[in-house]
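Working notes for the structure below.
The values are calculated or read from the model by the stated rules, or taken from the named source; none is laboratory data. Everything numeric here is computed off the predicted structure, so don't read it as measured data. For neighbour counting, all protein chains shown are included, and Cβ atoms are generated from backbone atoms with ideal geometry for every residue, glycine included.
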Amino acid sequence: MDLTVKEIAEVLKISEDSNQRITNIEFDSRKVTNNGLFVPLQGTRDGHQFVEQAKENGAIATLWSEDTSSAPEDLFVFEVEDTKKAFQKLASYYREKIAPKVVAITGSNGKTTTKDMTEAVLAQRYETYKTQGNYNNDLGLPYTILHMPETTEILVLEMGMDHAGDLTLLSQMSKPDAAAITLIGEAHIESLGSRAGIAKGKMEITAGLKKRGDLIYSCR
């Protein structure tokens with residue numbers, strides 16, 4: 001990633017005109033490096049508690065929840081209502097800026113293998129980048145997008161889901177040119193009710209599919 005403080009501020013609708021460059025973004029304070037942007041998230045622990053560690057590791061900026069007090073004074077601070085949504089918004093902007101072709105892959109089984117095989121074939125001809133491991137949810141997908149090199153021509157994204165609506169968010173964030181559904185199985189049937197419910201959920205991958213984009217699925 002390579003964005004200026006001003007660019008980030010404009011995306012988040014914040015007033016800041018510095019041309020200082022931000023070259024990495026992390027929600028794990030241990031992974032931040034020089035000129036980094038830290039993304040504190042609310043989980044089992046409040047990520048805001050780790051801003052000092054992020055700063056020690058090289059962070060020069062941080063997202064910051066508006067309802068959290070004691071924003072650091074020695075960093076560029078982007079105060080937002082929801083740090084996760086801001087993180088996702090930055091990912092959408094960065095994808096638009098780099099403008100790779102996007103291939104999105106989902107399914108009850110075989111997502112990771114299909115993603116890896118697809119990227120391996122495309123890499124013979126194009127500059128490619130893919131989801132690392134199974135970073136395929138509402139945090140992992142924007143993380144993948146924001147870590148792709150600026151030279152990326154094709155981005156291969158794995159998309160997972162646990163509940164209805166999950167893939168709608170991921171698809172709209174990534175705007176795929178092509179999407180594939182590997183298999184409709186019974187994973188997450190407890191939250192989606194039936195295989196028909198699972199199939200409906202998987203079809204959410206088309207929510208952001210570009211006009212005239214390709215959808216690949218098995219008829220069996």
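Residues in the range 115-165 that are part of a helix (DSSP H, G or I) and over 14 Å from ALA104 (Cα atoms): ALA120, VAL121, TYR143, LEU146, HIS147.
Residues checked against (1) in contact with a Cys (Cβ under 8 Å, 6 or more places away or on another chain); (2) closer than 28 Å to MET203 by Cβ; (3) without any contact (Cβ under 8 Å) to a residue 12 or more places away in the chain; (4) of a type in the set (A, V, I, L, M, F, W, C):
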{"residue": "GLU73", "(1), (2), (3), (4)": "no, no, yes, no"}
{"residue": "GLU81", "(1), (2), (3), (4)": "no, no, no, no"}
{"residue": "ARG95", "(1), (2), (3), (4)": "no, yes, no, no"}
{"residue": "GLY107", "(1), (2), (3), (4)": "no, yes, no, no"}
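Evaluation of VAL77 against the conditions (1) in contact with a strand residue (DSSP E or B) (Cβ under 9 Å, 6 or more places away or on another chain); (2) at positive phi shows that the sole unmet condition is (2). Within the set SER29, SER69, SER65, the sole residue that is farther than 18 Å from LEU139 by Cβ and not charged (D, E, K, R) turns out to be SER69. Screening GLY133 against (1) touching a strand residue (DSSP E or B) at 6+ places or on another chain (Cβ under 7 Å); (2) small (Gly, Ala, Ser); (3) under 24 Å from SER171 (Cβ atoms) leaves a single unmet condition, (1).
Checked against the criterion of being among the polar types (S, T, N, Q) and in contact (Cβ under 8 Å) with a residue 40 or more places away in the chain, the candidates THR144, THR114, THR131 yield just one match: THR114.
Taking the criterion of being without any contact (Cβ under 8 Å) to a residue 24 or more places away in the chain and surrounded by fewer than 21 Cβ atoms within 10 Å (Cβ to Cβ), would at least one residue in the range 150-169 satisfy it? Looking through the range 150-169, none of the residues is without any contact (Cβ under 8 Å) to a residue 24 or more places away in the chain and surrounded by fewer than 21 Cβ atoms within 10 Å (Cβ to Cβ).
Among the residues making up the range 90-111, a single one is assigned to a strand (DSSP E or B) and of a type in the set (D, E, K, R): LYS101. Of the residues in the range 54-68, at least one is over 28 Å from SER171 (Cβ atoms), within 21 Å of the chain's Cα centre (by Cα), outside any strand (DSSP E or B) and not assigned by TED's automatic domain parsing to the domain that holds LEU141.
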